[in-house]
Amino acid sequence: MTMTTTKTTIYHNPRCSKSRETLALLQANAADVTVVEYLKTPPTADEIQTILQQLGLTARQLMRTKEDEYKAQNLADASLSEDQLIAAMVATPKLIERPIVLANNKAAIGRPPENVLSIL
């Protein structure tokens, strides 16, 4: 693999094994990795909107639907709008699927970690 000079960002949770594996993979394959601990520094609604566009997903597809907060906030309600779901992710970043990697104006979810290599 050749080293890239592209700025790469990972929305990372250090307590998640998949997130740690993805970060290690990025550090081995990308020159410049910015780590955002999204539970401490959640993305804004605009950032989530951009990530969704780059992933080609809906807000619900980016959510961790098995989290207690998902059930507690009644987020399975099909009448909720994209903006309402995005607002829930901003307010409760634990709901965001992880890890998300951004590079080259693209995004990938590191499940499995090798998924992210396609955007580097």
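Just list whichever of LYS71/LYS94; LYS18/LYS66; LYS40/LYS106; LYS18/LYS94 have alpha carbons separated by over 18 Å in the model shown.
Numbers: LYS71/LYS94 13 Å; LYS18/LYS66 16 Å; LYS40/LYS106 23 Å; LYS18/LYS94 15 Å.
Among LYS71/LYS94; LYS18/LYS66; LYS40/LYS106; LYS18/LYS94, the Cα-Cα distance tops 18 Å for LYS40/LYS106.
Remark: relative contact order (the range 8-118) = 37 percent; criterion is Cα-Cα distance under 8 angstrom and separation of 6 or more residues.
When the charge dipole of the range 54-120 is built from unit charges on Cβ atoms (+1 for Lys and Arg, -1 for Asp and Glu) and taken about the Cα centre, the candidate among VAL90, PRO112, LEU55 whose Cα reaches farthest toward its positive end is PRO112. Note on the chain: with neighbouring protein chains present and a 1.4 Å probe, carbon and sulfur make up 50 percent of its accessible heavy-atom surface. Expressed in Å, the radius of gyration and Dmax of the Cα atoms of the range 8-118 are 13.5, 43.
Rounded to the nearest 20 Debye, what is the dipole magnitude of the chain about its Cα centre when Lys and Arg each give +1 and Asp and Glu each give -1 at the C-beta? It would help to have the intermediate numbers written out before the result.
On the way: 13 positive and 13 negative charges, 71 e Å.
Magnitude of the dipole: close to 340 debye.
Using the beta-carbon distance between LYS66 and ALA28 and R0 = 30 Å, what value does 1/(1 + (r/R0)^6) give for FRET efficiency, to the nearest 0.05? Show your work: numbers first, answer last.
Details: r = 30 Å, r/R0 = 1.00.
Once the sixth-power term is evaluated, E becomes 0.50.
Loop sites by DSSP among the trypsin sites (Lys or Arg not before Pro) of the chain, restricted to those with at most 12 other Cβ atoms within 10 angstrom, leave 67-120 as the longest stretch without any of them.
Per DSSP helix of 4 or more residues, -39500 (n - 2.57); summed, then divided by the residues of the chain. What does that give at 222 nm, rounded to the nearest 500? Mind showing how you got there, number by number?
Details: 4 runs with 39 residues, N = 120.
Mean residue ellipticity, 222 nm, calculated: -9500 deg cm²/dmol.
The values are calculated or read from the model by the stated rules, or taken from the named source; none is laboratory data. Computed from a prediction, not measured in an experiment: that's the story for all the values here. Don't worry about glycine lacking a Cβ; one is built from the backbone with ideal geometry, like all the others, and counts go over all protein chains shown. Heavy atoms of the whole protein, side chains included, go into the accessibility calculation; ligands, DNA and RNA do not. Shrake-Rupley method; radii C 1.70, N 1.55, O 1.52, S 1.80 Å.
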